Every structure is written in structure tokens, then in C-alpha cells.
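The structure appears below as C-alpha cells.
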Amino acid sequence: RPAAPTRTEFERRHEERFKGVTFDWMEFQRDGQPFPAPNPNLRTAQQVVLQAADGSGAPRILVDRDLRPANLAWRPDGKLVAFVADPDWRDEIKYESPDLWTVSIDDGKITRLTDDGYVYGDVEFSPDGKFLSYARSFGTDMIIQQKLNHGGPRDLFVRSADLKQEINLTAKWDLDPGDTRWSPDGRYLYFTAGTGGETHLFRVAAPGGSATNGSNGGVEQVTKGERGINGLTYNRDFTKIAYTVGLHDSPGDVYVANIDGSGERRLSDIHSGFLKEVAIGPT
């Protein structure tokens, strides 16, 4: 056995004081580390600042509250910015539960859109500015308060231009959508999701458009086959997608396809040398 490491007085006192004690979720010890973790709530708040892209003019502070705003999204008309922030982020006995907020560029008015215990993220406006899209999932504090023995779904929502009407686009869909991307024409929202040990690209029609809804509660699967796709990216005119494909019996390579999943082509074969030397067993 290796020799016991030399401990400082603080370390010896800490180990003796908390010997045999298990910390469940408080931010004191984490991941089996033996010493107190830094208090994340001692971080400073953050501002949302507006400045000309060319750097001219003085910066203008839009949000200066005890918040840590994240996931900022411009409305296409440039008059409103949406973001998420958790006003209780300094409370060490609460789990993180960021809410939806907006700030007006013209008058700096800050509006809190949600205060319901859910966790919000993946904020984006539609290209025409008619909808604000975002993901919503169960907050841990909500699960504790309701004494649930299960988690909840991550669903994809949109709000109307006045931000009052809310529509759940994945209410009848049993999977959890990943980060979304609006099509330039505003007809669809695209996202990846795990399904049956695989990962595929899906899309759902935006409300009020001319797009067709899929048969699975409005969501339709774009890519097919027994594989997991990663690193997905869209070309400039949103007619093609490129991604890596990892099959169950081989490492990933780069593929390209049309935006509807048709015409898929494999572009790389960088593992051919490896596969000549190593046999991968069946999965």
C-alpha cells in the first residue's frame, strides 16, 4: 500500500470531523472528493451589455440584477432579447431552475415570463420573430416538493409573438428532444434525440405554417437506420446536413444527406486501417 499522504491541520480536522458522514446532494462534497467544494454561490452576478458590433460607442447595460443570465437570443427585429436566469442561484439548498426572461432593447424593461419550478433552456426565436421556442423539463426541487418517484419529460415549446400563448410541440411524443434549430423558412424545428440506443435527427412542424405534421404526435424522424449520429451541422441554404455516423459494429465516419434525410452518402473511411487489424464483435 502507498504511504499515507501528508495532511495539513485543516485536512486532518476535516477528515476526523466528518468521518463516516455521507453527503447526499448539498454542495459541500461532490464526486467522492474528500474536501469541501468551493461555494459556487460566491460567484459574482453577471450583466447583459449591449454594444455596437464595430466597438464604437459606450456599452449600454441592459440587465444589472443579481442574476447570471445565459442562453441569450435576439428577436429578428432586434428589439427584444430573451434569456434564462435563476433568481435563486445563490440559495445553496435549492437546485438550479432557470426561468424565461426578456429585456427590451428600447427601454430596458425586464420581464420574467415563468416562475413555476420547471427548468428552461434552448431559447431561440423563429426566423420571422412570430414564435419564441424553448425546452422545458422538470426541476429537481419540483420532484422533491411533489414527492415524485420519477423524473419528467423534456418537451419543446413555442410562445406566440405576444409571449402569452404557449404550445407544447412534443406533448404526444415519448422521447426527449435535444437542442433545436429553426429552418430558415420557419416551417420546422429540427433536433436530435436518443431512441432505442440510437441517435437520430427529428423535426416538428411549427404552428400556423404550411408544413405537414408527422404521424408521431407532430414529430417525424428524418434520419433512419441502426446508428448514432453526432456532430450534426446544416449547410448555409439548409438543404443538406452533414454528420458522423457511428454504427454498432464500427467507429464513426462522415456522411452527408439532404435535409429530409434522403440521398445519404458516406464521405470518409478513416478507420479502414484500424478495422483491418482489429475485429469488432457483434452487438
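On average, how much accessible surface per residue is there in region 141-263, in Å², for a 1.4 Å probe, leaving out ligands, DNA and RNA?
Accessible area per residue, region 141-263: 52 Å².
Local charge sum around I229 (other residues, Cβ-Cβ under 12 Å, Lys/Arg +1, Asp/Glu -1)?
Net charge around I229: -2.
How much of L232 can a 1.4 Å solvent probe reach, expressed as accessible area in Å² and rounded to 10?
40
Here are several values of percent of Cα pairs over 29 Å apart: (i) 43; (ii) 33; (iii) 52. Which one was derived from the coordinates shown?
Working out percent of Cα pairs over 29 Å apart from the coordinates points to (iii).
Roughly how many debye, to the nearest 20, is the charge dipole of the chain about its Cα centre, given +1 on each Lys and Arg Cβ, -1 on each Asp and Glu Cβ, and no other charges?
Its charge dipole is roughly 180 debye.
Remind me, relative contact order of the chain in percent, using alpha carbon pairs under 8 angstrom and six or more residues apart?
Contact order relative to length: 7 percent.
Among S262, S137, S272, which one shows the highest mean-square fluctuation when the chain is modelled as a Gaussian network with alpha-carbon springs under 10 Å?
S272
Where is the GNM fluctuation largest for the chain (alpha-carbon springs, 10 angstrom cutoff): F238, F191, F138?
Comparing F238, F191, F138 in the GNM, the peak value goes to F238.
Based only on Cα atoms, what Rg/Rh ratio does region 94-164 have, Rh being taken as Kirkwood's radius?
A ratio of 1.04.
Taking the chain as a Gaussian network, Cα atoms linked when under 10 Å apart, which of A206, A53, A242 shows the biggest mean-square fluctuation?
Of A206, A53, A242, the Gaussian network model singles out A53 as fluctuating most.
My understanding is that a pair violates if its Cα-Cα distance is over 24 Å; which of K172/K224; K94/K164; K79/K130; K109/K164; K94/K147; K79/K164 do that in this structure?
Listed pairs above 24 Å: K94/K164.
Using a basic spin-label model with each label point 7 Å from the Cα along Cα→Cβ, how many nm lie between N230 and A52?
A separation of 4.4 nm, rounded to one decimal place.
Heavy atoms only, probe 1.4 angstrom, no DNA, RNA or ligands counted: give me V254, V204 ranked by accessible area, highest first.
V254, V204
Quick check: residue separation of N149 and N258 times 0.36 nm, minus the Cα distance between them. What number comes out in nm?
Extending this stretch completely gives an extra 35.0 nm.
The values are calculated or read from the model by the stated rules, or taken from the named source; none is laboratory data. All values reported here derive from a predicted model rather than from experimental measurement. All Cβ positions, glycine included, derive from the backbone under ideal geometry; neighbour counts span all protein chains shown. Surface areas here come from the heavy atoms of the whole protein model, side chains and all, with no ligands, DNA or RNA. Shrake-Rupley method; radii C 1.70, N 1.55, O 1.52, S 1.80 Å.
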